[in-house]
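K.L.:
Once you've had a glance at the structure underneath, I'll fire off some questions.
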Amino acid sequence: MAGKVFIRTFGCQMNEYDSEKISAVLARAEGLTPAANAQEADLIVFNTCSVREKAQEKVFSDLGRVQHLKRANPNLMIAVGGCVASQEGGAIVERAPYVDVVFGPQTLHRLPALLAQRRASGQPQVDVSFPEIEKFDHLPPARVQGSSAFVSIMEGCSKYCSFCVVPYTRGAEISRPFDDVIAEIAGLAAQGVKEVTLLGQNVNAWRGEVESATAKGGPARADFAELLYFVDEIEGIERIRYTTSHPREFTQRLIDAHAALPALAPHVHLPVQSGSDRVLAAMKRGYTSLEYRSIVRRLRKAKPEISISSDFIVGFPGETEADFEATLTLARELAFDGSYSFLYSPRPGTPAAELADPVPQAQKLERLQRLQAQLEAQSRAVSEAMVGTVQQVLVEGPSTRDAAELAARTGNNRTVNFPGGRELAGRFAALRVTEARHHSLRGELVHAQ
Ligand code: SAM
Ligand code: F3S
């Protein structure tokens, strides 16, 4: 089936990563090339998100909008993957009978086979199983453009926060083997990659066996902190990021790695969700606000310039004004940078969806706005404090707004636009920040590396 594929991605970075892999799997098995839009595609893939209700409903309305394309192109296939697919399975085909294939986050490598079965049988195909680590073994090797790449090091989540669908849709935590992770990163470095972001729902839950670590005994058990030291050793890798980490496994060894490894970017995304111990317990997060504060304090001691961003859920069932105030206070005291906050969305099948919830929606919305205004002001203060400083940045390429300029990324994950020659793309450079804008910075070149 030569032709074109259009992939629409919803949700988190894991989904972005999976979409790239879907594209690679289809290019290898079917020779499909990317389509510029759904109209010119022979295959439309929706890679979906179900973490909040809004995202989930959007999938069905968007599916409805491409249905008519089948009339113009009778060979057009429509596939639905990701977390909505995982959760709904065959129900998607019942609600939208024009869908040809439903596949889950752990079966995306089977997509070519599912399409072939669909063609041969004339029947829609559904496979949302969790065949353990099989997915990693069947993905094409990473191919990159540019100097930055994502590497998935673990899949799934076994934390079962009471509000979250991820453990049900992506399955249990499984670590990718140590040798595979290192081999992939070394391969990327050989293609010119200088920055890697280690990806997972809970990257610091990663565990692996390192053969080479012990000359005499058998393989040694390694944790995420140790993995970082090994990645740091790979020739050519100059900056390491990771996301998302979980406070529960944020060990002192991981904190020490931030002090010991200059390549580790001075930025950590560490979702706290709430500042109230009562709410944290009801969410089953497995830490108190004091424990969370202790991690942040030790991280800042290890690396004073570190920027810490977080996720918050506002309006969890039964959240009182005092609970919410505790969240505001925590966010302010810990001086969070670049954070996300969401209105709690009850997800079918999760324990929190069964809880009584007397808090009126209008009050929840008002709290969300207050938190967002505060977080926004905090981020702005960080940006403004950067004006006049010299930052080590990785130049990504032409700026999206003005192709005559370049866009670069700071250690604390901000985009800086600056005038400069194309030859700087893919290189590290020192920039002086000249201005803080709404969601980006402006700068000028001090020197290129
Ligand atoms: N693994 C991450 C962690 O350690 O918390 C979170 C992964 S989750 C896909 C991303 C974010 O979505 C969470 O941090 C949380 O703030 C938000 N989220 C998850 N379930 C939600 C729900 N039912 N309603 C609103 N926000 C939710
Ligand atoms: Fe979800 Fe909690 Fe895991 S937020 S992804 S169950 S750590």
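The values are calculated or read from the model by the stated rules, or taken from the named source; none is laboratory data. Just so you know, these numbers come straight off a predicted model, no measurement behind them. Here Cβ is always computed from backbone atoms with ideal geometry, including for glycine, and neighbour counts include all displayed protein chains. Ligands, DNA and RNA are excluded from the accessible area calculation, which covers all protein heavy atoms including side chains. Shrake-Rupley method; radii C 1.70, N 1.55, O 1.52, S 1.80 Å.
K.L.:
I'd like the accessible area for His138, computed on protein heavy atoms only with a 1.4 Å probe and all protein chains in place. Round to 10 Å², please.
P.N.:
Estimated to the nearest 10 Å², His138 gives 90 Å².
K.L.:
Considering the chain as a Gaussian network with a 10 Å cut-off on Cα pairs, which listed residue, Glu376, Glu249, Glu405, attains the greatest mean-square fluctuation?
P.N.:
For the chain, modelled as a Gaussian network with Cα springs under 10 Å, the answer is Glu405.
K.L.:
So who's got an amide H within less than 5 Å of the one on Gly397, skipping anything under 5 residues away but keeping other chains? H placed 1.01 Å off N, in plane.
P.N.:
HN-HN under 5 Å from Gly397: Ala407, Gly426.
K.L.:
Taking amide H positions as placed 1.01 Å from N in the peptide plane, with prolines and chain starts having none, which residues 5 or more places from Phe342, or on another chain, fall under 5 Å of its amide H?
P.N.:
Correct list: Phe312, Ile313, Val314.
K.L.:
Name the residue farthest towards the positive end of the dipole of the chain from the options Phe428, Val128, Thr415, assuming +1 on Cβ of Lys and Arg, -1 on Cβ of Asp and Glu, about the Cα centre.
P.N.:
It is Thr415.
K.L.:
Give me the distance between the Cα centres of region 239-302 and region 127-206, rounded to whole Å.
P.N.:
Result: 20 Å between the Cα centres.
K.L.:
Hey, another quick one. Explain nothing, just compute: Karplus ³J(HN,Hα) = 6.51 cos²θ - 1.76 cosθ + 1.60, θ = phi - 60°, for every residue of region 45-62 in order, whole Hz, x for Gly and Pro.
P.N.:
Rounded to whole hertz, the list is 10, 9, 9, 9, 10, 10, 5, 10, 4, 4, 4, 5, 5, 4, 4, 5, 5, 5.
K.L.:
Follow-up. Please give the calculated 222 nm ellipticity per residue for the chain, where each DSSP H segment of at least 4 residues contributes -39500 (n - 2.57) and the sum is spread over every residue; nearest 500 deg cm²/dmol?
P.N.:
-10500 deg cm²/dmol
K.L.:
A further question follows. Using a 1.4 Å probe, what is the accessible area per residue for region 19-100, in Å²?
P.N.:
On a per-residue basis, 44 Å².
K.L.:
For region 311-449, what is the accessible area per residue in Å², given a 1.4 Å probe and the full set of protein chains?
P.N.:
48 Å²
K.L.:
Oh, and also: How large is ³J(HN,Hα), in whole Hz, for each residue of region 434-446 in order, when computed from phi with the Karplus curve 6.51 cos²θ - 1.76 cosθ + 1.60 and θ = phi - 60°, using x for Gly and Pro?
P.N.:
Here the 3J(HN,Hα) series is 10, 7, 9, 9, 4, 10, 8, 10, 10, x, 9, 5, 9 Hz.
K.L.:
Give the long-range amide H neighbours of Ile78: residues separated by 5 or more places, or on another chain, with amide H under 5 Å away, using H modelled in the peptide plane at 1.01 Å from N.
P.N.:
Ile44, Asp100, Val101
K.L.:
Could you go through region 355-360 in sequence order and give the Karplus-derived ³J(HN,Hα) for each residue, using 6.51 cos²θ - 1.76 cosθ + 1.60 with θ = phi - 60°, rounded to whole Hz, and x for Gly and Pro?
P.N.:
Rounded to whole hertz, the list is 6, 5, 9, x, 6, x.
K.L.:
Identify unpaired cysteines across the chain, taking unpaired to mean no other cysteine Cβ lies under 4.7 Å from the residue's Cβ.
P.N.:
Cys12, Cys49, Cys83, Cys157 - these cysteines have no disulfide-compatible partner (Cβ-Cβ under 4.7 Å) in the chain.
K.L.:
What is the percent carbon and sulfur in the accessible area of the chain, measuring with a 1.4 Å probe over the protein chains and ignoring ligands?
P.N.:
The C+S portion of the solvent-accessible surface of the chain is 52 percent.
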